[in-house]
Amino acid sequence: MLFENMFQEITAIMLLAAVLGVVGLLLRQPLIVSLLAAGILVGPSGFSLISSHAQIELLAHIGIALLLFVVGLKLDVNLIRTMGTVALATGLGQVLFTSVIGFFLSLALGLTTLEAVYVAVALTFSSTIIIVKLLSDKGEIDALHGRIAIGFLIVQDIVVILVMIGLTAFSGQAEADGWSLLKNVGQVVVAGLGFLALVALMMRSVLPTLLRYLARSQELLLLFAVAWAIALATLGDTLGFSKEVGAFLGGVSLASTPYREAISSRLVSLRDFLLIFFFIDLGSRLNLAVLGAQIGKASVLSLFVLIGNPLIVMVIMGYLGYRKRTGLLAGLTVAQISEFSLILGALGVSLGHISLDILGLITLVGLVTIAGSTYLILYSGKLYQFLAPWLGIFERQTPYREALQDSAAAVPAADIILIGLGNFGGGIACHLWERRTKMVGVDFDPEVLEKWRRSGLPVFYGDVGDPELFQHLPLAAARLVVVTVRDPDLNLKLLQGLRELHFHGRVALTARQEDEARRFHAAGADLVLRPFADAAQQAAEVLTATLDVLTAAAADLPIGLRIFRLESTSRFAGRPIRDIPLRQETGVSIVAVSRGGKTILDPDPDVSLYPGDRLILAGPTAQLTAAAALLEKQELAPTGAAAPTEGFSLATLPVAADSPLIQKTLAEVNFRDLYRVTVIGIVRGSQPVLVLTGQERLQAGDHLIVAGKATAIRQLQEHGFL
């Protein structure tokens, strides 16, 4: 025995996994590949470091249960519904065609019928975790192909759950006679319906109230989530299904609660840690000598997954009316098999359906395809440019689904083209649209486009990574192109493309960092927008150069001061100060206007006010609220509706004397994840604490100054979680 105890053994395994993880990171590979390699090295084929197989297997089972629990917790059926036919058609179609072709291909390679079924089914599932990570890193998670990919990956997740239910429920029944089989089927159906009824009852009558109480303590909420996942996993196993199915239903039962994001974000790290032991355990059971004999079969199956799966998706999406580029980028996301494929193979071994040799074959295909598809997705743009001339066969003559979203012929001429309608771009669009500016918007998120269409803004679909984007931009009459996408390389690519087209208007790019701004200026950008720096500068102007000066001047006077931000819905937006009956009705005056980092002190009555202006109000303290209410009055008949957004609010929330949060630091409570609000200050006695480090401990009687969406703040006020 190499180690004196299990602690030393686990330490050595974790250190080796960490080292291989660094190597995988340098090679831009997902951690799964490194963990499987670590498992092989610590197993009999490597250094034979593992002797505590039972303990590692137990941790592996808990990790798998938490993986399925998180999948159920994040199950967004609404995404499938909003993506319509494409998610279901592509997901089910790809599963069907891949499994059928994979089955006959496996038979041709010499596998038995049952082995071919397992291998074929394993080839159909793609890794949601890996795909979401890669698309998020590339900023494509909200692109059309990203949303479609997530939609059919969810369909795949549902299918794999159903497959595991079938395998575990009906295993061992093949030899039974007709009556016994019918009896067993009936028992399975009754047990399943009873299980679902119990979960539904808990979802309706128990869990909402229980979670509302447990949410007072994030540690207790996390503890309950883990216990609930393991408990339903155990119940599922007891009823004759599997631990995985029970854990999945446990996640689904909490998916509709307002705490699912808080639970999920805290469980991810624990899940990933425990899954380390699953992949190490799996790798340690693989025999390299046996794997060597499987290289030929694995090569054929890997080529089928890397090439065949994307082709199947492209055919389906082309038939549904999507462009060849969208089809290829979505298809590349299924060019690998997933951790569920390995879990399915391990389940088959435990049921006695397949041997470790077949599990080794599935694992080898997984290693090859996960490694290969990672590079395909990372360099998908260059791959499309290379393959584009030959991909026309996968596209209809009129790709009508995307044509409905981005028909440039229906877009009128405009002075400004705004590319990117996210948080920053959407804010710019609101203010430009309220000023009756002639503009069009471009974005790759169909839901964002639909919201803006309802508001009346001309918009069309466009992906900044698409080399054909310039064919759809109405550049002829435009004087300014504003780009608000986050990727600096894409900003420069758009700038270069506009210059190559001899666009004579001005180009504004958006920089998040100072070095990006310098690169954009050097490349020839006419204007560089810096949202964070500009916002910080304006806030500092209000808080120091204006408010502090006025506060000092009014220190000995019986007047109050208040900062008021003029919203786009105010009836006074766009009107001069002389038209606002503020002094006549409330006795309050506008003594300063802060706009774009500049402050106008003692503004002239002819100064017009615009949405986003910060007004410094001065007057009787008792009348400041009435003045704010007057300025908030909405226009009776708005002529230009802004894009619908949820209200944002500030509020103070008291910490009760018996609150479980007392003596906890702000960092420990993590208000943002747990309550969906941000603590921006603490009022303690007569001394407010506005500069927070996260280490402040909460005390009874504290009043927290919080910022967040109005619904989240209202929920806290109603339920008194503090």
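Quick notes on this one:
- In region 378-404, the residues that are among the hydrophobic types (A, V, I, L, M, F, W, C) reach residues that are modelled with pLDDT under 80 and assigned to a helix (DSSP H, G or I) with C-beta atoms within less than 7 angstrom, at least six apart or across chains, in these pairs: Leu378/Leu134.
- Filter result for the condition that a residue is small (Gly, Ala, Ser) and without any contact (Cβ under 8 Å) to a residue 60 or more places away in the chain, over Ala233, Ala227, Ala247: Ala227
- Answer residue from region 1-21, given it is of a type outside the set (Ser, Thr, Tyr) and farther than 26 Å from Gly360 by Cβ and is modelled with the lowest pLDDT among those: Met1
- Residues of region 314-324 include none that is out of contact with any Asp or Glu (no Cβ under 7 Å at 6 or more places or on another chain) and closer than 30 Å to Met14 by Cα.
- Set side by side, the residues Ala215, Ala174, Ala200, Ala225 differ, and just one is at pLDDT 75 or above and more than 24 Å from the chain's Cα centre (by Cα), which is Ala200.
- Which numbered condition Asp556 misses (of (1) under 34 Å from the mean Cα position of the chain (by Cα); (2) of a type outside the set (A, V, I, L, M, F, W, C); (3) modelled with pLDDT under 70): (1)
- Annotation: Ser407 fulfils all but one of (1) modelled with pLDDT of 85 or more; (2) under 30 Å from the mean Cα position of the chain (by Cα); the unmet one is (1).
- Ser34 vs. criteria of a type outside the set (Asp, Glu) and not in a helix (DSSP H, G or I): no
- Selection status of Ala231, more than 26 Å from Leu167 (Cβ to Cβ) and of a type in the set (Gly, Ala, Ser): no
- Meeting the requirement of 2 or more residues that are polar (S, T, N, Q) and either farther than 19 Å from Ser299 by Cα or assigned by TED's automatic domain parsing to the domain that holds Gly308 (or both), the helices (runs of 4 or more DSSP H) wholly within region 322-381 are 339-350, 356-378.
- Flag for Ile50 being crowded, with 18+ Cβ neighbours inside 10 Å, in contact (Cβ under 8 Å) with a residue 24 or more places away in the chain and not in a helix (DSSP H, G or I): yes
- Selection from region 319-351 of residues that are surrounded by fewer than 21 Cβ atoms within 10 Å (Cβ to Cβ), of a type outside the set (A, V, I, L, M, F, W, C) and in contact (Cβ under 8 Å) with a residue 40 or more places away in the chain: Tyr319, Gly321
- Matching entry among Asp579, Asp613 (being within 30 Å of Leu457 (Cα to Cα), at pLDDT 80 or above and surrounded by 17 or more Cβ atoms within 10 Å (Cβ to Cβ)): Asp613
- Among the candidates Gly296, Gly251, Gly236, residue that is out of contact with any helix residue (DSSP H, G or I) (no Cβ under 8 Å at 6 or more places or on another chain) and either crowded, with 19+ Cβ neighbours inside 10 Å or not polar (S, T, N, Q) (or both): Gly296
- Count of region 1-22 residues which are of a type outside the set (Phe, Trp, Tyr) and either closer than 18 Å to Leu134 by Cα or touching a residue at least 24 places away in the same chain (Cβ under 8 Å) (or both): 12
- Evaluating Leu432 against the criteria (1) modelled with pLDDT of 80 or more; (2) in contact with a helix residue (DSSP H, G or I) (Cβ under 9 Å, 6 or more places away or on another chain) leaves one unmet condition, (2).
- In the set (1) over 23 Å from the mean Cα position of the chain (by Cα); (2) modelled with pLDDT of 80 or more; (3) surrounded by fewer than 21 Cβ atoms within 10 Å (Cβ to Cβ), Gly427 fails one condition alone, (1).
The values are calculated or read from the model by the stated rules, or taken from the named source; none is laboratory data. Keep in mind it's a predicted model, so treat the numbers as computed, not measured. When we count neighbours, we look across all protein chains shown, and the Cβ atoms used for this are built from the backbone with ideal geometry, even at glycine.
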